[in-house]
Amino acid sequence: MQTSTQDDRTEAEKSGWVGWVQIGAIIAVIILAMVLTSVLSSGGDRELQAAPERAATPVQVVRPAVANHQAEIALTGSVATPADVTLSPQVGGRVVEVSDAVRAGAHFEADEVLFRIDPRDYQVAVSRAQAGLADARSALDQLEAEAEINRAEWRRQYPNREITSLAAREPQLAAARARVESAQADLSQARLNLERTAISFPFRGRVIDSRIEAGQLVSAGQSYGSVYDIARLEIVAPIAPADLARLAPAVGRRAELSVGGSAFNLQGEIVREGASLDSRTRFIDLFIEPASPDALRPGQFVDIRVAGPDLEEGVMAPASTLVGLNQVRIIRNDRIEEVEVEVLDRLGDQVFLRPFDFGQGVVTNPVPENALGRRAQILASDEPAQ
């Protein structure tokens with residue numbers, strides 16, 4: 001019995017010792033793991049710190065110039081006439097005279113006779129109308145004399161009574177006066193028809209085409225060609241609504257014109273804006289009145305420059321500095337950054353931007369996307385853009 005108790009005590013002492021050994025082993029493993037983790041971490045940091053920085057990206061930069069700027073819109077338009085005028089006589093007859101100015105492409109002056117219709121029939125009509133007028137006036141004079149005699153006789157016989165309209169021949173006088181007016185109208189129409197045998201226009205113009213020859217029998221109201229008024233020539237130029245807004249107000253602004261690729265040596269003025277947008281292009285027409293319409297012909301294409309309002313102070317930079325629509329890359333603290341800008345105007349190879357902080361300069365050469373944030377090696381710094 002005593003021996004059994006002693007064995008149990010020994011067994012318990014042995015179990016306690018094994019438990020403590022196991023706990024110590026676990027603690028040792030944890031400590032070892034922590035040490036290894038620390039060593040590995042410190043070693044990795046040292047490796048990262050020791051890794052060499054990537055090579056600097058070579059760039060060219062420009063420092064934009066601060067300036068005031070006047071917006072300028074470039075357009076292309078075409079010369080047009082509001083309407084061609086038909087070469088059409090108002091009376092008929094045989095053509096007896098044709099001017100050299102009635103040939104296609106020829107110029108003519110205001111009121112210059114282009115061709116003449118045989119006037120003899122119309123001269124006869126004038127003479128007949130004059131005779132009719134003389135007859136109507138004679139009849140009126142006779143009636144007025146008879147009416148005066150009737151009034152005198154009435155006053156003698158009926159001194160205290162008002163003469164009646166029939167006795168005074170008033171209905172007959174009214175009819176006679178109407179016949180005189182009608183005869184005068186007939187004479188005026190006959191004279192007008194006689195004047196219309198000489199065909200001319202009240203403006204200085206140019207002949208587009210003509211089918212008039214001497215001896216030709218022409219009819220009133222028929223078209224025998226067409227002409228246009230030189231002074232009414234205008235240039236129609238489509239413009240985007242956004243550009244039109246930049247010119248506001250557009251009417252009254254001066255325009256420089258170039259025809260056929262020549263220098264901008266012609267002047268014009270915007271006189272109207274279109275009433276609606278083109279359904280296909282969604283542009284609006286500007287109508288420009290040229291100062292020298294003689295230098296233009298319908299159908300010609302015209303290059304146009306219109307000066308807009310003065311813009312607020314901004315910076316002028318090369319267009320090559322833009323990345324996309326409204327980003328540029330700058331150098332700040334010797335590193336490449338990308339910033340957004342507001343483009344106020346575009347002028348070929350230059351852009352006018354709202355002022356912004358461009359650091360050490362704006363990058364002008366292409367750089368890869370992965371260069372952002374990297375150190376920059378400035379190869380050249382251009383003079384400020386003008």
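Numbers below:
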read-out	value
Fraction of alpha-carbon pairs over 26 Å apart in segment 85-228 - percent	49 percent
Alpha-carbon radius of gyration plus Dmax, which is the widest Cα pair, for segment 287-386 in Å	19.3, 62
Hydrodynamic radius (Kirkwood) for segment 154-310, which is based on Cα pairs only, to one decimal in Å	22.0 Å
Cβ charges +1 (Lys, Arg) and -1 (Asp, Glu), total dipole of the chain, debye	1100 debye
Highest-fluctuation residue, 371, 220, 152 considered, GNM on the chain with Cα pairs under 10 Å	152
Most fluctuating residue given options 271, 315, 339, as computed from a GNM of the chain linking Cα atoms under 10 Å	339
Rg followed by Dmax, in Å, when the chain is reduced to its Cα trace	50.4, 193
GNM top mover of 73, 331, 30 - the chain, alpha-carbon springs below 10 Å	30
Length-normalised contact order of segment 184-232 in % [C-alpha pairs under 8 Å, at least 6 apart]	40 percent
DSSP-defined antiparallel bridges as percent of all bridges, the chain, nearest 5	90 percent
Packing-based exposure ordering (other Cβ within 10 Å, fewest first) of 233, 325, 286, 347	325, 347, 233, 286
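Values in this text are rule-based calculations from the coordinates and carry no lab data. A quick note: this is a predicted structure, and the numbers were derived from the prediction, not measured. Counting neighbours? That spans all protein chains shown, and the Cβs are built from the backbone with ideal geometry, glycine included.
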